[in-house]
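For reference, the structure discussed in these notes is given below.
The values are calculated or read from the model by the stated rules, or taken from the named source; none is laboratory data. All of these numbers come straight from a predicted model, not from anything done at the bench. All Cβ positions, even for glycine, are placed from backbone atoms using ideal geometry, and neighbour counts span all protein chains on display.
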Ligand SMILES: C[S@@+](CC[C@H](N)C(=O)[O-])C[C@H]1O[C@@H](n2cnc3c(N)ncnc32)[C@H](O)[C@@H]1O
């Protein structure tokens, strides 16, 4: 499906459309129960489900707009775990203690900068990265708080996500400071080369000799297969030789995938559609390896991250599984000394308080903070909103 071209400029707040209806087919035919049907309809509305016809009438970006208009800025918790997993970008104090307190971005009251793409000169001494599919900034802000030398270009094709990101106090604060830290704009990461939305950022990347890093955090799974390839090519175009690409996304065998399989919400070719119309994909290690071709990237890390999350109230254990990878853009030695993630928190008291099992395995059971509250159709039964994340 061709993705729609987005309108220019930042979007006004969207009205929340809650007119969706239940669309999950009944497995067992039984006489309709009007009270249950009414209850199901109102639950579907609350959860933002759409009928197939409603989904088909919307572009993927509009479905995400609707998602964010309904869920708001706090749906995805800040991904503090990135500091543990991206030690390459961390200053020594944070490397030593990745979960130490890092102050939010504050204003130094030096005036209000115009929110445009900065020049190469302005960023010459900074570590500059791109967060593709940034949502409301849940990955960008933890990185920015941890390292004063980082600048993030943050983009998402949902105008509503970018509006919410820009409404965060920290975004305002950095605009009224002597050093800008983040610039967010609306664009489709899979747009063809030459797309006007990317011109200024591509010119900036060229002026800098390429970006130092780029992140895809739960983003490629939201794209159709051919768009994923286009997004990876754009990443290769923007990164400097040796630049770091960080990937974290859903892994094949994740509980959410099994539930969607049970409900038949797949096209049979690996793409799933949640009730609200957003897409999901569950990657194998091989698939991720193939997605980042050896002609463009050197592989630094490719592994599963797994976590069993127990909802004690419901007596349910959920097996969540993610894939994490790091690649260096081919053409030069990696810009950053390769770092494995910090030792698993599972061996610390903090991890046990957060419910991680007492495991000494560096992977399974480690409190990796693979926080992705977007279980789509799992919620709210799975109760995962409360049990995931570091907050
Ligand atoms: C699961 S959310 C993750 C958001 C964010 N990276 C985070 O860690 O919270 C997926 C995001 O990808 C964005 N997205 C999906 N397809 C995109 C595309 N073609 N171009 C840009 N953003 C896209 C969606 O709008 C959504 O914000």
With the checklist (1) within 16 Å of the ligand (Cβ to nearest atom); (2) at pLDDT below 65; (3) over 19 Å from residue 161 (Cα atoms) in hand, flag the one item residue 5 doesn't pass. (3)
Verdict on residue 276 being within 12 Å of the ligand (Cβ to nearest atom) and not in a helix (DSSP H, G or I): yes
On the basis of being touching a strand residue (DSSP E or B) at 6+ places or on another chain (Cβ under 9 Å) and away from the ligand (no atom under 16 Å from the Cβ), does residue 116 make the cut? yes
Is it the case that some residue within region 131-138 is buried (at least 23 other Cβ atoms within 10 Å of the Cβ), touching a helix residue (DSSP H, G or I) at 6+ places or on another chain (Cβ under 7 Å), at pLDDT 95 or above and part of a helix (DSSP H, G or I)? no
Select from region 126-152 the residues that are in contact (Cβ under 8 Å) with a residue 60 or more places away in the chain and more than 9 Å from the ligand (Cβ to nearest atom) and list them in ascending order. 127, 128, 129, 130, 141, 142, 143, 146, 150
Quick one: which of 332, 313, 325, 295 is under 21 Å from the mean Cα position of the chain (by Cα) and touching a residue at least 24 places away in the same chain (Cβ under 8 Å)? 325
